[in-house]
Amino acid sequence: MVIEMNCLICVGAAERVMCEGPWEERDCPECGRYRISDELILALMDQGQIFDVLKVRGWLDTRRTEGFLPCIQSSEGLLVTVVAPTFTPAPVK
């Protein structure tokens, strides 16, 4: 049975893959197949954080070359970094 869900990385359409343990597994046409720990998903939702899609896809590709299904347990270096805009007043003419 295929369950259609959203990708936990890019939010596009993805298939949910049933797996054992404290994981969510997705197969996304853009991001590929991966797992994310339930704990990390809850922490990201609680903090309002999102993944940097390009960074995560690069990380996933690197792990796949090692021959393993990528499993994301830590968000370190994979989140969007939000920088507060600086206000520079326009010069007065």
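The values are calculated or read from the model by the stated rules, or taken from the named source; none is laboratory data. As the structure is a prediction and not an experimental result, all values here were calculated from the model. When we count neighbours, we look across all protein chains shown, and the Cβ atoms used for this are built from the backbone with ideal geometry, even at glycine. What goes into the accessible areas is simple: the full protein's heavy atoms, side chains included, and nothing from ligands, DNA or RNA. Shrake-Rupley method; radii C 1.70, N 1.55, O 1.52, S 1.80 Å.
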Practice task
Within the range 20-34, identify whether any single residue is assigned to a strand (DSSP E or B), in contact with a Pro (Cβ under 6 Å, 6 or more places away or on another chain) and either closer than 16 Å to Glu76 by Cβ or open to solvent by less than 80 Å² (accessible area, probe 1.4 Å) (or both), and answer yes or no.
Solution key: yes
Exercise for the section: Report, by residue number, each residue of the range 42-73 that is among the β-branched types (Val, Ile, Thr) and over 11 Å from Ile9 (Cβ atoms). Expected result: Thr62, Thr65
Exercise for the section: Identify the single condition in (1) open to solvent by 60 Å² or more (accessible area, probe 1.4 Å); (2) in contact (Cβ under 8 Å) with a residue 24 or more places away in the chain; (3) under 15 Å from Glu76 (Cα atoms) that Ile9 does not satisfy, given that it satisfies every other one. Expected result: (1)
Problem - Verdict on Leu54 being open to solvent by 50 Å² or more (accessible area, probe 1.4 Å), at pLDDT 90 or above, over 16 Å from Cys7 (Cβ atoms) and not basic (Lys, Arg) - result: no
Exercise for the section: Please state which of the following conditions Thr81 fails to meet, knowing it meets all the rest: (1) modelled with pLDDT of 90 or more; (2) exposed (fewer than 12 other Cβ atoms within 10 Å of the Cβ); (3) among the β-branched types (Val, Ile, Thr). Expected result: (1)
Completion exercise
Condition set touching a strand residue (DSSP E or B) at 6+ places or on another chain (Cβ under 8 Å) and not polar (S, T, N, Q), scope the range 45-54, selection farthest from Gly32 (Cα to Cα): answer is Ile50
Problem - Within the range 62-78, tally of residues that are charged (D, E, K, R), free of Cβ contacts under 8 Å to residues at least 24 places away in the same chain and within 12 Å of Tyr34 (Cα to Cα) - result: 1
Problem - Where Leu60 falls short, out of the listed (1) open to solvent by less than 60 Å² (accessible area, probe 1.4 Å); (2) at pLDDT below 90 - result: (2)
Problem - Residue check for Leu40: under 11 Å from the mean Cα position of the chain (by Cα), surrounded by fewer than 16 Cβ atoms within 10 Å (Cβ to Cβ) and of a type outside the set (Val, Ile, Thr) - result: no
